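**Student:** One structure, pasted below without further comment.
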Amino acid sequence: MSPRERQRIGIIEDDPTAGGSLVHRLELDGYAPLWWRTGQEALEGLCTARPDLVICDISLPDMSGEEVFLRALPSLGGKPFLFVTGFGKIEDAVRLMKAGAVDYLLKPYDITNLLERVARLISEQPRPSGDLGVSENMRRVELLLRRVADIDSSLLLTGESGVGKEVAAHFIHKVSSRADEPFVPVNCGAIPNDLIESQLFGHEKGAFTSAQARHHGYVERAAGGILFLDEVGELPLLMQVKLLRLLQERSFTRVGGETQIKTAARIVCATNTDLEAAVAQGRFRQDLYYRINVISVTIPALRDRSDDILPLAQRFLGEFSKAFARDVRGFTPRAEQALLAHPWPGNVRELRNRVERAVALAQAPRVGVELLFPSDLAEPNEAPLPTLEEVRDKAERNYIREVLADVGGRVEEAAKLLGVARSTLFKKMRDLGIRSEA
């Protein structure tokens, strides 16, 4: 088995004896180890190498293993992170497990025990469901969200407007142990400043002139589920203080009330603005920023995950065909080509809106480019049809990538499933521009 076909194990260890010994044993067991001796080396390497599992010493010369883990978490794609620690650092390891790490070992550790844990953790990795998308970028996001779904730490979803941050929050709720509890979404930018405290925390009867009865706010309604605060950067400074207190104390008081009410809800925040810049400008509290940004996940723009465009468009088409009772089944080849060529400044929201409009106006089973991109938008709807060879190559490329993803990038196993020799698959991958990441 070549190194490209083996599972990659990242090692972050400054001790040359311990690191060298671990590299040697992992190689003997058929893994492809990647060894970084400092935290900075690891942060640079993790972004590009994307190992299947990471083994990290908590004590490093330039920064702590905790800092490496928290800074690298968004780029890990849900891959397991296993810490190695001395006896005096057990509390640190336990805290990191609550933040998303999967396990820890005490020094000195038994190498056989370590290898058994490595094999178990890799075999337990969930396969992406495709709920959020089929592209590699969204598969990584899904795995990461699954990894942190049952962690109580605050989660911040970032990304451009329209990328699907609320969809991601719904996904976390769906796959978490809170799935049977409420999911309560709140658009912080859509509530008037004079009403937002009452809407979030509720109010008692008589708290103000129009308070004719007790009102249960969004926090209370979330109970033990998820409270999703979208556009959290739009909260006024006074409400930022109250949100910070909620996160710190896990309790709140209704407007006009005196009783502290405990909450078990997990708070997930989202924003399409640069909160660090807002902190620098005095528009967002620094202490709140650090409190909500314990775990951060960025949802990529649609232009950065083009493999999702057509599957999403087909999903929306099916949804609106059913809603409008229309017999619309697909897109013309030119429409598909235009969908792939469009830059999607409005991201998934724009795609959904265009498909909804097209289905509403469609008079044939297949949606044409003129319904998706009217002529006044100057969309390139006169592009030539793809050749038969181009269509075949695209279908083969997508299918091979899907099979490779299902077997963790192992070319030999993929070749067996595809019914071809490994050499034949390698040649086909080279001709189609498919890179093996394993």
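No lab work stands behind these numbers, since they all come straight from the coordinates. For clarity, every value in this text was computed on a predicted model and none was experimentally measured. With ideal geometry, Cβ positions are generated from the backbone for all residues, glycine too; neighbour counts draw on all protein chains shown.
**Student:** Listing Thr273, Thr17 from the residue with the fewest other Cβ atoms within 10 Å to the one with the most, what is the order?
**Tutor:** Ascending Cβ contact count within 10 Å gives the list Thr17, Thr273.
**Student:** Using DSSP, restrict attention to beta bridges with both residues in the chain and report what percent are antiparallel, rounded to the nearest 5.
**Tutor:** In the chain, approximately 10 percent of DSSP beta bridges are antiparallel ones.
**Student:** I need Cys269, Cys56 ordered by Cβ neighbour count within 10 Å, fewest first.
**Tutor:** Cys56, Cys269
**Student:** Run the Debye formula on the Cα coordinates of the chain, all scatterers equal and no solvent, and tell me log10 I(q)/I(0) at q = 0.06, 0.09 1/Å.
**Tutor:** Cα-only, vacuum Debye calculation for the chain: -0.33, -0.73.
**Student:** Rounded to the nearest 500, what is the 222 nm mean residue ellipticity of the chain from helices alone, with -39500 (n - 2.57) per DSSP H run of 4+ residues and division by all residues?
**Tutor:** -13500 deg cm²/dmol
**Student:** Counting other C-beta atoms within 10 Å, and keeping those with at most 16, which DSSP coil chymotrypsin sites (Phe, Trp or Tyr not before Pro) do you find in the stretch 291-365?
**Tutor:** Passing both the DSSP loop test and the Cβ count: Phe324.
**Student:** Moving on to the next point. Per the Debye formula with a single identical scatterer at each Cα and no solvent contribution, what log10 I(q)/I(0) holds for the stretch 303-377 at q = 0.21 Å⁻¹?
**Tutor:** -0.85
**Student:** Once the dipole of the chain is set up with Lys and Arg at +1 and Asp and Glu at -1 on Cβ about the Cα centre, which of Thr298, Gln286, Phe228 lies farthest towards its positive end?
**Tutor:** Phe228
**Student:** What base-10 log of the normalised intensity I(q)/I(0) is obtained for the stretch 137-300 from the Debye formula, alpha carbons as equal point scatterers, at q = 0.12, 0.14 Å⁻¹?
**Tutor:** Here the Debye-derived log intensity ratios amount to -0.52, -0.70.
**Student:** Counting Lys +1, Arg +1, Asp -1, Glu -1, what net charge surrounds Cys188 among other residues with beta carbon under 10 Å of its beta carbon?
**Tutor:** -3
**Student:** As a test, work out the antiparallel percent of DSSP beta bridges whose residues both lie in the stretch 3-123, rounded to the nearest 5.
**Tutor:** 5 percent
**Student:** Which entries of Lys174/Lys242; Lys165/Lys242; Lys262/Lys322; Lys165/Lys394; Lys322/Lys394 have Cα-Cα distances beyond 32 Å here?
**Tutor:** Listed pairs above 32 Å: Lys262/Lys322.
**Student:** I need to check one value: relative contact order of the chain, counting alpha carbon pairs closer than 8 Å and at least 6 residues apart, in percent.
**Tutor:** RCO, the chain: 13 percent.
**Student:** Another one. Using Cα pairs closer than 8 Å and at least 6 residues apart in sequence, work out the relative contact order for the stretch 222-364, in percent.
**Tutor:** 21 percent
**Student:** Can you give the direction-averaged projected area of the convex hull of the alpha-carbon atoms in the stretch 270-415, in nm²?
**Tutor:** The Cα convex hull of the stretch 270-415, projected and averaged over all directions, gives 13.5 nm².
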